[in-house]
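Quick notes on the structure that follows.
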Amino acid sequence: MNMLTLKVDPADALVDIPRRILLSGAESGAEVRIETETSRSGFLWKSSACYRADEVGEVDLTRDAPHSGDYSGVSAMGLIWSQTCAEGGAKDHAQFNADMAQPLETLIKAHSGDHHVEAQMIQRLMGPGVRRQAVNENGLVGVLYRPADDNPAPAVMLLNGSNGGINEARAALWASRGYNAFTLGYFGMPGVQRYISNTDLEYFSKAVDWLRKAVSPRDGFVAVSGQSRGGELALLLGSTFPDHISAVVGYVPSAFVHGGQAACDPELGRDGPSWRLNGKALPHIWDDNGHASWEPYDNGEPPRRNSKAMMTALGDPDALERARIPVERIKGPVLLISGGDDGAWPSDLYSMVVSSSLRAAGHPHEVAWENYPVAGHSILFPYVPTTRISHAHPVNGILTTMGGTPEANAQANEASWRAIQSWMRRATGIRDDID
């Protein structure tokens, strides 16, 4: 047998860059086992798969599918998205280190016969020179990430969903791609309210104004991007404050206002209001809805599927009309990203309603909808583990499925991230080297 060699190209890059993992020097047709280990926030995530070397003794993960292991089919980064964590206490949000400047370091080990070789892959969330600024002023709580240079750059405000808190990983990566990225907390973290119930929309208008003043974005461009309940919120903000917001991105969003659901204040209940404007609660889809029922969720087999309850609410046209987000008021481009197997709510149907409403109104700006028919609710960015499909909800603790499969969700992560980068370049004119 020749000397085994294992190469990762590039070995050190941003997390959204695909890598070529190439093993050389095996016997022709020999079995090769490749394993990965990544420490993520102190927890070890692992994967492995077995391959057959080709006639020249190579295994190329951009070309070769494993014959057994943690993933199937050809996937250059399959050993990353198929990683799992068996250690007790690991949570969904623990895929990244607490310090965004600390890269993810993956040890890759290959074995063939009595021979083995190792290589390291580094995935970074923060590019060189990206700057982090904690924000706790004027009643606002969050973290601002700025790109490396001081040239005027567009800005994006990022909103989490019903798990609350902030998403620093996404903000750091956006800044690495040349944007001012402000991840804003509005519940479920120190300095803001504990639950989503009775969240005042004026808070977000104030945040947009603060962001515009803080970074002086190029051409005054401030987009709002939200995930899940944050996607609902992003569309709602674009509709409510159209002169403040330049563009809207809804990841697995809703077309309708919803109540508190799993993130509610227990004293108000899940059918209590989520959003207020001018001190008045906005009507939501469960209000006076003759068809809405929690029974399919409450009595469902674990892991429960929240979308089954959400579907019941769609049977009351009057309730839908009262709760529909008036997206035709938005004064900028809109991007919708959805999964056809969404376990949280029917984001594909909701996105269709939003897209159709905008087109019917003759929306003068681009309306793009990226739907992934077999993906679930958890669409993030590429080359991270996608194996945590079911989880205990961080607020109510109930075991719930987000839907999709690890492979389908990994494909949606990759495709949607490229789609949103292209969309943002069209919306802003910013040049980016992601391609």
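The values are calculated or read from the model by the stated rules, or taken from the named source; none is laboratory data. Being a predicted model, the structure only gives us computed values, none of them experimental. Glycine also receives a Cβ, built like all others from the backbone with ideal geometry; neighbour counts cover every protein chain displayed. Calculation scope for accessible area: heavy atoms of the full protein, side chains included, ligands and nucleic acids excluded. Shrake-Rupley method; radii C 1.70, N 1.55, O 1.52, S 1.80 Å.
Electrostatic tally near residue 355: other residues with Cβ closer than 14 Å to its Cβ, Lys and Arg +1, Asp and Glu -1, net -2.
Using the Cβ of residue 416 as centre and a radius below 14 Å, the other residues enclosed give a net charge of -3, where K and R count +1 and D and E count -1.
Ranked by the mean number of other Cβ atoms within 10 Å of their residues, highest first, the peptides 6-14, 253-261 come out as 253-261, 6-14. Would you list, by chain and number, the lysines whose Cα falls below 18 Å from the Cα of residue 7, excluding same-chain residues fewer than 8 positions away? Within the straight-line limit of under 18 Å, residue 7 reaches these lysines: 109. For residue 280, a cut-off of 16 angstrom between C-alpha atoms picks up these aspartates and glutamates, skipping any fewer than 8 places away in its own chain: 200, 202, 271. Its Cα gyration tensor gives segment 250-328 an equivalent ellipsoid. The semi-axes, each the square root of 5 times an eigenvalue, are 21, 15, 13 Å from largest down. Per-residue ellipticity at 222 nm from helix content only, as computed over the chain with -39500 (n - 2.57) for each DSSP H run of at least four residues, stands at -6500 deg cm²/dmol.
Within the straight-line cut-off of under 15 Å between alpha carbons, the aspartates and glutamates reachable from residue 206 are 137, 243, sequence neighbours fewer than 8 places apart in one chain being disregarded. Here the spin labels are modelled as points 7 Å beyond Cα on the Cα-Cβ line, and at residue 87 and residue 5 they lie 3.4 nm apart. Every Cα-Cα pair in segment 42-196 was counted, and those over 26 Å apart are 45% of them.
Annotation: Cα Rg of segment 168-220 relative to the compact-globule expectation 2.2 N^0.38 Å equals 1.30. Computed from the Cα positions only, the extents of segment 306-435 along the three principal axes stand at 45, 42, 25 Å, in decreasing order.
Loop exposure criterion: GluC sites (Glu not before Pro), DSSP state outside H, G, I, E and B, at most 15 other Cβ atoms within 10 Å. Applied to the chain, the longest stretch between such sites is 88-266. Taking label points 7 Å from Cα along the Cα-to-Cβ direction, residue 74 and residue 43 give a separation of 3.4 nm.
If you sort the three axes of the alpha carbon gyration tensor as a ≥ b ≥ c, you get a/c of 1.5 or more for segment 1-50 and a/b no higher than b/c, which makes it oblate. Among 219, 341, 70, which one moves the most in a GNM of the chain with springs linking Cα atoms closer than 10 Å? The residue that fluctuates most here is 219.
Roughly speaking, to the nearest percent, how much of the chain's 1.4 Å accessible area is carbon and sulfur? Ligands and nucleic acids excluded, carbon and sulfur give 48 percent.
Pairs of Cα atoms in segment 105-215 fall into 10 Å distance bins, from 0 up to the last occupied one, in shares of 14, 37, 24, 12, 9, 4, 1 percent. Is the shape of segment 36-105 rounded, prolate or oblate, going by the alpha carbon gyration tensor and its root eigenvalues a ≥ b ≥ c, with a/c under 1.5 for rounded and a/b larger than b/c for prolate? In terms of gyration-tensor shape, prolate. Across the chain, counting alpha-carbon atoms alone, Rg and Dmax equal 22.4, 75 Å. Based on alpha-carbon atoms, the Kirkwood radius and the radius of gyration of segment 221-360 give Rg/Rh equal to 0.96. Of the residues 425, 131, 170, the one that moves most in a GNM of the chain with alpha-carbon contacts below 10 Å is 425. The alpha carbon centroids of segment 65-141 and segment 153-189 are separated by 19 Å. Across 345, 210, 286, mean-square fluctuation computed from a Gaussian network of the chain (C-alpha pairs under 10 Å connected) peaks at 210.
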